[in-house]
Protein chains: 2
Amino acid sequence: MFNTDRRYWGWGVNGNAFPEPMLQLARAFLTAKFGTAPAAQRPVPSLDALRMNAPTLAVPAALAAFVTDARYDRAVHTYGKAFRDVVRALDGDFTPAPDLVAYPRDEQDIVALLDWAARAGAVVIPFGGGSTVVGGIEPPREAGARRAGVITLDLCRLDQVLDIDRVSRCARVQGGVYGPALEAQLKPHGYTLRHFPQSFEFSTVGGWIATRAGGHYATLYTHIDDFVESLRLVTPAGVLQTRRLPGNGAGPQEERLLLGSEGVLGVITEAWLRLQDIPRHRAGCTVKFADFMAGAAACRELAQGGLFPANARLIEREEAMFMGAGDGQNHMLVLGFESARYSQIDRLQAALAVCAAYGGVAGKSNVRDDSDAASADASAEQWKQSFLRAPYLRDELARMDMVSETFETCTTWENFPVLDAAVRAAAHAAMQRECGAGLITCRFTHLYPDGQAPYYTVIAPGTAGRQLAQWDAIKAAVSGALVAHNATITHHHAVGRDHRPYYLQQNAPLSLAMLRAAKAAVDPQGIMNPGVLLPPDQD
Amino acid sequence: MFNTDRRYWGWGVNGNAFPEPMLQLARAFLTAKFGTAPAAQRPVPSLDALRMNAPTLAVPAALAAFVTDARYDRAVHTYGKAFRDVVRALDGDFTPAPDLVAYPRDEQDIVALLDWAARAGAVVIPFGGGSTVVGGIEPPREAGARRAGVITLDLCRLDQVLDIDRVSRCARVQGGVYGPALEAQLKPHGYTLRHFPQSFEFSTVGGWIATRAGGHYATLYTHIDDFVESLRLVTPAGVLQTRRLPGNGAGPQEERLLLGSEGVLGVITEAWLRLQDIPRHRAGCTVKFADFMAGAAACRELAQGGLFPANARLIEREEAMFMGAGDGQNHMLVLGFESARYSQIDRLQAALAVCAAYGGVAGKSNVRDDSDAASADASAEQWKQSFLRAPYLRDELARMDMVSETFETCTTWENFPVLDAAVRAAAHAAMQRECGAGLITCRFTHLYPDGQAPYYTVIAPGTAGRQLAQWDAIKAAVSGALVAHNATITHHHAVGRDHRPYYLQQNAPLSLAMLRAAKAAVDPQGIMNPGVLLPPDQD
């Protein structure tokens, strides 16, 4: 029932191969960097070759219209899209595959499925686009944790914009709609959500909400949270519907307990979302900084000054170069303002004055009014294209025995320099030990008045058969540095299974106790996504 | 131990009487409006005359250094500052008075007090400034709900700014600091919180957080929520401390379950707050609209356009006039922009163009740069002064047998006209029935892209001895209209005891079940503020 062009082993669709000339450039860069050429790309295992257990659940007759145990469907729902997912998939290890995959046609199907699962003693994993990089949709591996069996509940058929309120500029949207389909349905009405995570093409509204995804805006509206007006959630204990309220002060905000719940409370079937008018005025520029910390200081002043750039990504020089942008000598701040109503030239100029005060050298400003076409100078546009293609490249690097992954965090401006030094030291020591060499680069994805979200990319020459252990060791080292320096284990990648130990260590024990109690109130048998956020034995 | 100048029967301090000439104006207005002159002001009962039960708890020897059973302290902690509080206080009914009042000197005192209360079977009511208008700090009246006795825990001694992070522009603040003391401690550092609820002078940081107070900004940062970076809460099960994170995507946001918890989970002892630089550029104007709905349409476009005015209060003509501002013929939009860094003239002009498109006629623009003095034109300044004095006037009206109270809500732009008509119809019918006449006026306090927060003022000629029943009937009628039209029972006045039935009706049953479960996790004996938010028997 699933689009069979979707890769079960990595990012995206089979038809969309990473361009060979660009792959050659990446090879050349890495060969120069590490002194040895990456290995040839190993082959992708065929569907038949995957190691997968026989399902422990039979398709229930009453649900046969939307439940399958087909091999492809189970394979494509086994892993998310992290480096460690790709490596395991390339190795053909599909042991955790769900026993069944459900494609509910409507909310009634979901209610019926949860009822059946509760009676059968099975566990249920809500699935949006499957783009998690933290094991958020990965079934438990151990037989005990799988109970009677695992059913993955894929929302892809709930893909409609159901209602638009033009006066309040909101839309009622089903949880399973993918980014491009959402924008396509909004555009004829003159609206856009403008929530563009890197996973945009292969992630859903429900997934964004369940994981508190980070989006397009570098300031102000950094997470999907800001666009959620109300929510509808199907839980094992019934349906939870919040009201449409622009603001509310009645008790703790209902939606905020559901935002970030990662499927452990229930299935997000609908949301009213706040929309944007399509921007018609844009002003952008790329600013070069010789010193990264000077660029960071400019970002801080931009974030505290109230100009609210839509885009303000500070990218370390080596990362910019690897992505085919920048000059390799300077760090690059991609700066952009946008509005549906007002020229943004003055704001851009004010921002450039801030940058200049910190030694930032502005490239050619790119200003367009009365156009709904995207606008950016050549470097920025190059970077954006590379940004969207990056997951494809990452997968090819995995096939070349490289270790290639990202991680992100958030911290105060005051804490950043010490944190950054600690993260880099931890990464370099671990990469040296595990791989003999390695590269770590940083960009800022989102800016706040009180801090920023640094996003790190790691590339190291891995070893066939050891890639997983190598990355796990590096990840443990950098995560240790994040925890030691009070930075969050994730700003917008969510917790899933992979970040769970750090989440349990970082969040207040009493907060976790309240979350556990809240879960027990709507999922008394603990069938919803056990092992994500909370340990399965705590459910 | 409490500042003995504070009124136990109404708003503020004894020294700050409402100016007699302005009271005469109010009398004249009401006489003209209702055809009969309001009664003479009834006397305020003396402390000795108050009807108060003997305390059922003795001051525990171990806590005697900060706990008292003194009559004044019990009286001043009996009620909040709603109209129904003032009427009951003027009647001398102090039956619900707490048995003891605690003034902890530090967090250790709070821990000791909660321990003692749990052992004694007593209930604890956290108390900030006591400015609640929803019964948020009122002790239970029934003997059963009071258990062994009631202790009010007044945070007023925890009144310090403990730490300032200049790089991240944040301060660590104790929960008991009052608005003016907070600003006084921040000002030497060049900072301000700029959270100015009407209760500013007599409310605290902890109270703002516990009730999700609405503040100064009409757009963008409408609630205190937006300024809270991290929180510290003492619960019966221990201390809960969240981390300082500008943004975070790890699970449901911890702080959001504590924001709005109204003392039922624990006591807010500290918070890291995001600060503002003191504004140096201001641009403001008063705009007249002949038609309120045209003004509302202008507000909608302002809210959706991304100009982010700091002030944008649309005030109905009769309310403006009663407050001593406006010409009585036109509705009035008080519009203001501010920034620490950039001139706001262009933004004001863009906003005035929006207003003009809806028939808004701008008064003289008032623009000041490089000054930290407040700036507004005469009408706006008049209105602001009246705004801060309004609670004093309300109390004098209560003494004249009037019914005088406010209520507020939030709804989408699409829903507003129908809601507004229903609210006014319900209010007029109830006022006619109960009082023979009455006035209801509206202003918008906060604007959102998807809706607004309408704030209603009700004044009706009441009857001595029946004021409480009269207001309760009017409140029930308008609350019924809010519920029937899916508007929230409160945008920023909180739930307390008075809104509890509507809160329980409006919030999703499963949300309430999760909140109850969360409370049980940190307050297993249900000693924290029972009867607020949740019914006491549900604790």
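The values are calculated or read from the model by the stated rules, or taken from the named source; none is laboratory data. This structure is a prediction, so every number in the text was calculated from the model and none was measured. Glycine gets a Cβ as well: all are built from the backbone with ideal geometry, and neighbour counts include every protein chain shown. Side chains are part of the model used for accessible areas, which takes the heavy atoms of the whole protein and leaves out ligands, DNA and RNA. Shrake-Rupley method; radii C 1.70, N 1.55, O 1.52, S 1.80 Å.
Details
- Lone qualifier among A:M528, A:M514 - being without any contact (Cβ under 8 Å) to a residue 12 or more places away in the chain and either at negative phi or within 7 Å of another protein chain (Cβ to nearest Cβ) (or both): A:M514
- Residues that are open to solvent by 10 Å² or more (accessible area, probe 1.4 Å) and part of a loop (DSSP other than H, G, I, E, B) within segment A:220-245 comprise A:L220, A:Y221, A:P236, A:A237, A:R243, A:R244, A:L245, listed in sequence order.
- Evaluation of A:L273 against the conditions (1) assigned to a strand (DSSP E or B); (2) within 16 Å of A:E338 (Cβ to Cβ) shows that the sole unmet condition is (2).
- Positions within segment B:502-514 being closer than 13 Å to B:S479 by Cα and open to solvent by less than 30 Å² (accessible area, probe 1.4 Å), in sequence order: B:Y503, B:Q506
- Qualifying residue in segment B:468-484 (condition: under 30 Å from B:Q329 (Cα atoms), of a type in the set (F, W, Y) and in contact with a His (Cβ under 9 Å, 6 or more places away or on another chain)): no
- Test: residue in segment B:487-497 that is among the polar types (S, T, N, Q), within 13 Å of another protein chain (Cβ to nearest Cβ) and in contact with a strand residue (DSSP E or B) (Cβ under 6 Å, 6 or more places away or on another chain): no
- Among the residues of segment A:251-298, the ones that are closer than 26 Å to A:C442 by Cβ, open to solvent by 10 Å² or more (accessible area, probe 1.4 Å) and in contact with a Cys (Cβ under 8 Å, 6 or more places away or on another chain) come to 1 in all.
- Residue identified as at pLDDT 95 or above and over 19 Å from B:A218 (Cβ atoms) among B:G360, B:G436, B:G328: B:G436
- Enumeration of residues in segment B:182-222 that are without any contact (Cβ under 8 Å) to a residue 40 or more places away in the chain, of a type in the set (A, V, I, L, M) and either within 13 Å of another protein chain (Cβ to nearest Cβ) or out of contact with any strand residue (DSSP E or B) (no Cβ under 7 Å at 6 or more places or on another chain) (or both): B:A184
- Boolean, A:L302 is in a helix (DSSP H, G or I), open to solvent by less than 40 Å² (accessible area, probe 1.4 Å) and within 14 Å of chain B (Cβ to nearest Cβ): yes
- Scan of segment B:139-170 for residues that are more than 14 Å from every other protein chain (Cβ to nearest Cβ) and farther than 22 Å from B:V111 by Cα, ordered by number: B:P140, B:R141, B:E142, B:A143, B:G144, B:A145
- Hey, B:P126 without any contact (Cβ under 8 Å) to a residue 60 or more places away in the chain, more than 14 Å from chain A (Cβ to nearest Cβ) and buried (at least 24 other Cβ atoms within 10 Å of the Cβ) or not: no
- Within segment B:230-251, residues that are within 7 Å of chain A (Cβ to nearest Cβ) sit with their Cβ atoms under 6 Å from residues that are of a type in the set (F, W, Y), at 6+ positions apart or across chains, in these pairs: B:R244/B:W272; B:P246/A:Y448; B:G247/A:Y448; B:A250/A:Y503.
- Inter-residue pairs, beta-carbon under 8 Å, first within 15 Å of A:P454 (Cα to Cα) and in segment A:297-308, second modelled with pLDDT under 95 and surrounded by fewer than 20 Cβ atoms within 10 Å (Cβ to Cβ), 6+ apart: none
- Single condition A:G176 does not satisfy, out of (1) farther than 28 Å from A:A117 by Cβ; (2) more than 7 Å from chain B (Cβ to nearest Cβ): (1)
- Test: residue in segment A:467-484 that is within 14 Å of chain B (Cβ to nearest Cβ) and over 21 Å from the mean Cα position of the chain (by Cα): yes
- One residue alone among A:V133, A:V173 is in a strand (DSSP E or B) and within 21 Å of the chain's Cα centre (by Cα), and that residue is A:V173.
A quick yes/no check of all residues on (1) open to solvent by less than 40 Å² (accessible area, probe 1.4 Å); (2) touching a helix residue (DSSP H, G or I) at 6+ places or on another chain (Cβ under 9 Å):
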residue	(1), (2)
B:R466	no, yes
B:I474	yes, yes
B:V478	yes, yes
B:G496	yes, yes
B:R500	no, no
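- Checked against the criteria, A:E262 counts as at pLDDT 95 or above, at positive phi and among the charged types (D, E, K, R).
- B:A357 vs. criteria out of contact with any strand residue (DSSP E or B) (no Cβ under 6 Å at 6 or more places or on another chain), within 14 Å of another protein chain (Cβ to nearest Cβ) and open to solvent by less than 10 Å² (accessible area, probe 1.4 Å): no
- Looking only at segment B:246-270, and only at residues there that are more than 18 Å from B:D159 (Cα to Cα) and either acidic (D, E) or in a helix (DSSP H, G or I) (or both), the one that is nearest to the chain's Cα centre (by Cα): B:E262
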